[in-house]
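Undergrad: I'd like to ask some things about the structure below.
Rule-based calculations on the coordinates, nothing more; no lab input. Bear in mind that the values here come from a model prediction, so they are computed numbers and not experimental data. As a convention, Cβ positions derive from the backbone with ideal geometry for all residues, glycine included, and neighbour counts pool all protein chains shown.
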Amino acid sequence: MTDHIQIERRGAVQIIRMNRPDKKNAITRAMYAAMAKALTGGDADAAVRVHVILGVPGAFTSGNDLADFMTVAMGGEGGTEVFDFLVALARSAKPIVSAADGIAVGIGTTIHLHCDLTFATPRTVFRTPFVDLGLVPEAGSSLIAPALLGRQQAFALLALGEGFSAERAKAAGLIYEVVGEAELEATALAAAENIASRPPQALKISRDLMRGSRDELVARIEEEGRHFRERLTSDEARQAFMAFMSRKK
Ligand code: COA
């Protein structure tokens with residue numbers, strides 16, 4: 001597995017922390033696998049009532065590891081870890097709280113579309129540069145974001161790659177609350193404990209009703225994934241990845 005994902009249990013709350021600060025929490029295949037395992041394992045464990053997803057100070061995540069994208073762009077294997085994680089997220093049986101500080105790029109933004117309460121700090125910027133990377137939206141965001149934010153805000157976020165400040169993200173309905181950096185994790189954990197204190201079966205039915213069809217969502221994740229894989233080997237994507245890799249040389 002990987003040290004870059006830390007799992008901790010506090011009572012009925014399972015904390016999943018991305019911890020790869022030197023790469024701004026860029027997510028590798030091993031990290032996706034560890035997070036998928038934690039979500040499905042926590043869902044199957046009656047002692048867990050809520051998942052909390054955290055990053056590190058200044059970096060929720062810079063998104064998918066671009067070196068992994070580059071491997072696929074050059075004809076290598078992509079694996080199923082990303083897909084497995086996205087399905088675990090989409091089918092999650094228990095509420096998910098997330099807390100983002102600073103960088104929240106790509107999946108670092110779209111993950112919150114699956115969360116029940118997201119807290120962010122004033123310095124957080126949500127950004128999905130999919131199109132600029134020659135790619136397409138993922139994680140079911142092409143389905144959820146227009147429904148949640150409206151088509152025009154979703155277009156600005158997913159197609160134009162506009163950065164959404166925490167305040168804009170809150171106004172648009174992407175996140176729940178903006179709190180100071182010092183309070184972020186304590187606030188998210190208090191919210192998780194509040195959720196965990198509710199009658200779990202009534203909560204599950206209520207949440208399932210609000211979420212609608214998971215099958216439709218997973219079908220969209222698959223459809224996005226087909227385009228995404230095709231795009232990864234496009235000239236547009238290869239050039240964007242090479243520009244990132246060589247930018248400091
Ligand atoms: N994949 C792999 N490595 C990444 C990464 C990513 N997505 N994001 C950052 N890193 C690495 C950098 O290469 C750098 O590594 P190095 O110190 O070995 O050179 C380190 O993390 C720090 O990043 P740096 O760019 O120096 O930090 P910054 O604060 O100046 O910028 C970002 C942060 C997130 C704005 C910038 O790194 C970035 O744009 N990353 C790519 C984001 C992206 O396109 N993700 C995919 C979305 S689909």
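Undergrad: For the range 143-156, which positions are of a type outside the set (Lys, Arg) and out of contact with any helix residue (DSSP H, G or I) (no Cβ under 6 Å at 6 or more places or on another chain)?
TA: Filtering the range 143-156 down to residues of a type outside the set (Lys, Arg) leaves 143-150, 152-156.
147, 148, 150, 152, 155, 156 - these are the residues of the range 143-156 that are of a type outside the set (Lys, Arg) and out of contact with any helix residue (DSSP H, G or I) (no Cβ under 6 Å at 6 or more places or on another chain).
Undergrad: Only one of 113, 133, 157, 117 is within 11 Å of the ligand (Cβ to nearest atom) and among the aliphatic types (A, V, I, L, M); which? Break it down stepwise before answering.
TA: On the way: 113 fails: within 11 Å of the ligand (Cβ to nearest atom); 157 fails: within 11 Å of the ligand (Cβ to nearest atom); 117 fails: within 11 Å of the ligand (Cβ to nearest atom).
Checking each option against the conditions leaves just 133.
Undergrad: Among the residues of the range 122-180, what is the count of those that are more than 13 Å from residue 105 (Cα to Cα), surrounded by 15 or more Cβ atoms within 10 Å (Cβ to Cβ) and among the aromatic types (Phe, Trp, Tyr)?
TA: 1
Undergrad: Provide a single number: the residues in the range 35-69 that are touching a Pro at 6+ places or on another chain (Cβ under 7 Å) and either within 16 Å of the ligand (Cβ to nearest atom) or among the aliphatic types (A, V, I, L, M) (or both).
TA: Residues in the range 35-69 being touching a Pro at 6+ places or on another chain (Cβ under 7 Å) and either within 16 Å of the ligand (Cβ to nearest atom) or among the aliphatic types (A, V, I, L, M) (or both): 3 in total.
Undergrad: Select, from 229, 238, the only residue that is under 30 Å from residue 75 (Cβ atoms), out of contact with any Leu (no Cβ under 9 Å at 6 or more places or on another chain) and in a helix (DSSP H, G or I).
TA: On the way: 238 fails: out of contact with any Leu (no Cβ under 9 Å at 6 or more places or on another chain).
Exactly one residue qualifies, and that residue is 229.
Undergrad: To continue, here is another question. Quick one: what pairs do we get from the range 200-226, first residue in contact (Cβ under 8 Å) with a residue 40 or more places away in the chain and farther than 19 Å from residue 135 by Cβ, second aliphatic (A, V, I, L, M) and assigned to a helix (DSSP H, G or I), C-beta under 8 Å, 6+ apart or different chains?
TA: Once the first residue is in contact (Cβ under 8 Å) with a residue 40 or more places away in the chain and farther than 19 Å from residue 135 by Cβ and sits in the range 200-226, its partners that are aliphatic (A, V, I, L, M) and assigned to a helix (DSSP H, G or I) give 203/195; 214/90; 216/143; 217/90; 217/143; 217/144; 218/87; 218/90.
Undergrad: Step by step: first the residues of the range 1-34, then only those that are touching a residue at least 40 places away in the same chain (Cβ under 8 Å) and more than 16 Å from the ligand (Cβ to nearest atom), then the one that is surrounded by the fewest Cβ atoms within 10 Å (Cβ to Cβ). Which residue is that?
TA: Among those residues, the one meeting the criterion is 10.
Undergrad: Considering each of 184, 174 in turn, give the residue that is in contact (Cβ under 8 Å) with a residue 40 or more places away in the chain and over 24 Å from residue 87 (Cα atoms).
TA: Numbers: 174 fails: over 24 Å from residue 87 (Cα atoms).
Of 184, 174, the one residue that is in contact (Cβ under 8 Å) with a residue 40 or more places away in the chain and over 24 Å from residue 87 (Cα atoms) is 184.
Undergrad: Is it the case that residue 72 is among the hydrophobic types (A, V, I, L, M, F, W, C), within 16 Å of the ligand (Cβ to nearest atom) and out of contact with any His (no Cβ under 7 Å at 6 or more places or on another chain)? Break it down into steps so the answer makes sense when it comes.
TA: On the way: among the hydrophobic types (A, V, I, L, M, F, W, C): yes; within 16 Å of the ligand (Cβ to nearest atom): yes; out of contact with any His (no Cβ under 7 Å at 6 or more places or on another chain): yes.
So residue 72 passes the test.
Undergrad: Within the range 1-106, considering only strands (runs of 3 or more DSSP E) that don't extend past its boundaries, which have at least 3 residues that are of a type outside the set (Phe, Trp, Tyr) and over 19 Å from residue 224 (Cβ atoms)? Spell out the reasoning first.
TA: Details: elements: 5-10, 13-18, 50-54, 59-61, 96-100, 103-105.
In the range 1-106, 5-10, 13-18, 50-54, 96-100 are the strands (runs of 3 or more DSSP E) which contain 3 or more residues that are of a type outside the set (Phe, Trp, Tyr) and over 19 Å from residue 224 (Cβ atoms).
Undergrad: Next up: Would you call residue 101 crowded, with 20+ Cβ neighbours inside 10 Å, in contact with a Leu (Cβ under 6 Å, 6 or more places away or on another chain) and not hydrophobic (A, V, I, L, M, F, W, C)? Talk me through it step by step, then tell me what you get.
TA: Details: crowded, with 20+ Cβ neighbours inside 10 Å: yes; in contact with a Leu (Cβ under 6 Å, 6 or more places away or on another chain): yes; not hydrophobic (A, V, I, L, M, F, W, C): yes.
So residue 101 fits the description; yes.
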